[in-house]
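Colleague: Below you will find the structure I want to go over with you.
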Amino acid sequence: MSTPLLELRDVQVHFPIQSGFVFRRTTGAVKAVDGVSLSVRRGEVLGLVGESGCGKSTLARAILQLVPLTGGSIRLDGRDLAACAPDELVRLRRGLQMVFQDPYASLNPRLTVFDALAEPLRSTPAGPQRDELLRQQQQLKQQTERLMQQNPELQKPTARETAPQVDRLLKQVEELQQELKRY
């Protein structure tokens with residue numbers, strides 16, 4: 001049997017509850033994630049769903065090593081992520097991504113779509129592949145600007161009105177991100 005691409009064993013992320021202003025002491029813990037185990041094999045897709053506040057985002061952040069684990073282990077391609085050096089984590093994170101169910105919450109409102117797409121390219125080594133991705137990104141920027149000009153109602157959108165356009169745009173973003181993963 002092959003090694004899972006991603007394997008979580010009894011993952012726990014607890015946040016301490018502290019009291020006292022001067023003499024701080026821990027009086028308890030919020031168990032944001034408590035005992036999650038799962039594995040994802042290459043080519044599989046995992047959708048993590050649950051109620052608001054149940055720990056989905058915290059689990060994703062734990063996988064990316066953005067919050068420390070209280071217990072358990074996370075392995076990516078057989079490698080224990082907790083044992084990775086910071087520079088190695090930066091490199092590994094290029095191939096990982098959290099995708100939130102609300103695209104409006106996932107996109108930084110201070111950035112244009114073009115700037116949001118440019119962020120991963122900043123860490124892509126220079127070369128012909130990067131040049132091609134930048135060209136595709138520029139085309140996507142132009143398409144987005146045309147879409148906004150042709151549909152002024154998108155300036156102050158509601159989710160129902162823009163869902164099809166956002167879906168198409170997110171699909172293009174996903175395709176570009178898949179391209180980035182290959183380099």
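Colleague: Excluding V36 itself, calculate the net charge of residues whose Cβ lies under 14 Å from the Cβ of V36, where each Lys or Arg counts +1 and each Asp or Glu counts -1. Before the final figure, lay out the partial values.
Modeller: On the way: positive: R9, K31, K56, R61, R75; negative: E7, D10, D34.
With Lys, Arg at +1 and Asp, Glu at -1, the neighbours total +2.
Colleague: Segment 22-38 to segment 55-95: how many Å between their Cα centroids?
Modeller: Here the answer is 18 Å between Cα centres.
Colleague: So how strong a dipole does segment 6-93 carry about its Cα centre when Lys and Arg Cβ are +1 and Asp and Glu Cβ are -1, to the nearest 20 debye?
Modeller: For segment 6-93, the charge dipole is close to 160 debye.
Colleague: S52 to L111: extension gain in nm, 0.36 nm per residue of separation minus the Cα-Cα distance?
Modeller: Extending this stretch completely gives an extra 18.6 nm.
Colleague: Follow-up. Can you figure out the FRET efficiency of L147 with M98, using R₀ = 25 Å and their beta-carbon distance, to the nearest 0.05?
Modeller: 0.45
None of the figures in this text is laboratory data; all of them are computed from the coordinates on show. Note that this is a predicted model, so its numbers are computed, not measured. Methodologically, a virtual Cβ is constructed for each residue, glycine included, from the backbone with ideal geometry; neighbour enumeration extends over all protein chains shown.
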